[in-house]
Amino acid sequence: MVAPVKIGAGAYIGSGSVITRDVPDDAMAIERSPQNTREGGAARYREIKQFIGQMVGDDQLVLEGKEQERLAEKERSTSEEPASSGRDDHASPPKPGSSR
């Protein structure tokens, strides 16, 4: 919620919604903005962060930008490898007493 808003008695708010207007009693407010994906945006952000760090002499900012780029590169290289675990990481945990 973006303050100041009033949520009426008995009103429901959709999970993950960003509510910017008052919600009357017993109403349901759901907000879902379209996704905005900016290709290369994260790489540009890291470059700008490093550049600003260099300009103001903030070594920590420069190091953070370089570390983020290193982690992004590592993530890109591991995401290209095929999944070999063979298990469903999103499966529900086994129930007590089951043999799964």
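A few notes on this one:
- In plain terms, the residue of D26, D58 with the fewest other Cβ atoms within 10 Å comes first and the most crowded comes last, giving D26, D58.
- FRET efficiency for the pair Q54 and S33, taken as 1/(1 + (r/R0)^6) with r the Cβ-Cβ distance and R0 = 41 Å, rounds to 0.75.
Bear in mind these aren't lab numbers, they're just calculated from the coordinates by the rules spelled out. Just so we're clear, the structure is a prediction, and the values are computed from it rather than from any experiment. Here Cβ is always computed from backbone atoms with ideal geometry, including for glycine, and neighbour counts include all displayed protein chains.
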